[in-house]
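Engineer: To start, I am sharing the structure in question, which I have written as structure tokens.
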Amino acid sequence: MSWSEAACKLARSFALAGFLAAAAALAGCSFSPVYSGTLASQPMLNLAFAKPNSRLEQVVYQELALRFGSSEAATAPLVTVSIASTSSAVAMSVTDNPNKLQRSVVNATLTLTYRDGSAAKPQSFTRQATAEYTTSGQVLADTAAANEAAERAAKAAAESLRLALLASLSR
């Protein structure tokens, strides 16, 4: 056996040993998604949702109810959401191109109020999300693009609020 064959066998042996060590280390790990398992079955996650006052609030409530489920119980913690949405131009263009890049910004505030008779203070979480869209000067298309971008931003804010709520309730 030549020197290069022995070195190659030794390298393969080290690679195999490293792979087995990594597999053994990962075998002790467990992964559980934040939307199922023991965390999602906690009674603190039986939430009641307030009625929406706007389309964007409705989007946020629907996203949260889809992930958490909803409860009609009188003692379930009440989730209320308020939304502030703005649109602005991203940059000025010096060309004759009529298409303009716009940005929709959604600020979402979620308040969790406990209704079980405990003296727990309401918890509040605020998140911001943005979505970009392009306007072309056609009113109907511009309006549809702005509405769609605002809904995308509201969904992103809802996901961020969901994670903040999960982190808070899991403590």
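The values are calculated or read from the model by the stated rules, or taken from the named source; none is laboratory data. All figures in this text were calculated on a predicted structure; none of them were measured in a lab. Positions of Cβ are generated from backbone atoms using ideal geometry, with glycine treated the same way; all protein chains shown enter the neighbour counts. The accessibility values were calculated without ligands, DNA or RNA, using every heavy atom of the protein model including side chains. Shrake-Rupley method; radii C 1.70, N 1.55, O 1.52, S 1.80 Å.
Engineer: Where does each of Lys100, Lys51 land when they are ordered by accessible area, with a 1.4 Å probe and the largest first?
Structural biologist: Greatest to least solvent exposure: Lys51, Lys100.
Engineer: At 1.4 Å probe size, with no ligands or nucleic acids counted, give the accessible surface of Phe19 in Å², nearest ten.
Structural biologist: Here the residue's solvent-accessible area equals roughly 140 Å².
Engineer: Which lysines, on any chain, are close to Lys100 with Cα under 30 Å apart, when same-chain ones fewer than 8 places away are left out?
Structural biologist: List returned: Lys155.
Engineer: Enter the accessible area of Ser124 (Å², nearest 10), with the probe set to 1.4 Å and all protein chains included.
Structural biologist: Solvent-accessible area, nearest 10 Å²: 80 Å².
Engineer: In addition: As a test of reading the structure, rank Arg115, Arg162, Arg55 by solvent-accessible area (1.4 Å probe, protein chains only), most first.
Structural biologist: Arg55, Arg115, Arg162
Engineer: Give me the net charge for the shell around Pro122: Cβ to Cβ below 13 angstrom, other residues only, Lys and Arg +1, Asp and Glu -1.
Structural biologist: For residues surrounding Pro122, the net value is +1.
Engineer: Pulled fully out, how much extra length does the chain show between Asn99 and Lys51, if you take 0.36 nm times their separation in residues and subtract their Cα-Cα distance?
Structural biologist: Here the answer is 13.6 nm.
Engineer: What number comes out for the charge environment of Ser160, summing +1 per Lys or Arg and -1 per Asp or Glu over other residues with Cβ under 14 Å away?
Structural biologist: Local charge sum for Ser160: +3.
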